[in-house]
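My questions will all concern the structure given below.
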Amino acid sequence: MGFPSPAADYVSKPLDLNDMLGVTPGDTVLVTNDEGFILLSKSSKPKQGDTMLIQFCGSTQFAKLYGSAFITADGEAIEGEALDDAVVIGKVVNIILSTRMDDIPTI
């Protein structure tokens, strides 16, 4: 028998992305081509200014919710009758950027 190791005071639990990102059962992690990963919530209620993942005119794209319209990344406003063609997939909760992109240096 010996004495307890003083290093035991500094032992921490392993990193868990589910805890760090606040993943709930209604969330989905999707891989994107250009950004890395997104955490998408299908159960949380969107607020003004939230980024949403939508399908519109045969493409999937990110859009911000402002008033009763979606504003896409290229500045197009989807409003009025055009909203009938938009399908909301979910609210973007977190974005995990890829570090392997050459056009966005990290150093």
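Within region 35-68, how many residues are farther than 26 Å from residue 99 by Cβ, buried (at least 17 other Cβ atoms within 10 Å of the Cβ) and touching a helix residue (DSSP H, G or I) at 6+ places or on another chain (Cβ under 9 Å)?
1
For region 29-55, give me each residue that is assigned to a loop (DSSP other than H, G, I, E, B) and not charged (D, E, K, R).
Matches in region 29-55: 33, 43, 44, 46, 48, 49.
Sticking with this structure for a sec: Take the residues in region 1-34 that are within 18 Å of residue 89 (Cα to Cα) and not polar (S, T, N, Q); name whichever of them is surrounded by the most Cβ atoms within 10 Å (Cβ to Cβ).
27
Sticking with this structure for a sec: From the set of residues in region 69-82 that are under 21 Å from the mean Cα position of the chain (by Cα) and among the small types (Gly, Ala, Ser), which is surrounded by the most Cβ atoms within 10 Å (Cβ to Cβ)?
69
Looking at region 56-75 only, could you name the residues that are in a loop (DSSP other than H, G, I, E, B) and of a type outside the set (A, V, I, L, M, F, W, C)?
Within region 56-75, 58, 67, 68, 74, 75 meet the criteria.
Can you tell me which residues in region 13-28 are within 19 Å of residue 98 (Cβ to Cβ), touching a strand residue (DSSP E or B) at 6+ places or on another chain (Cβ under 6 Å) and not in a helix (DSSP H, G or I)?
Result: 28, single match.
We did not get these values from a lab; they are worked out from the coordinates using the rules stated. In this text, all values refer to a predicted model and were calculated from it rather than measured experimentally. No Cβ is skipped: glycine too gets one built from the backbone with ideal geometry, and neighbour counts run over all protein chains shown.
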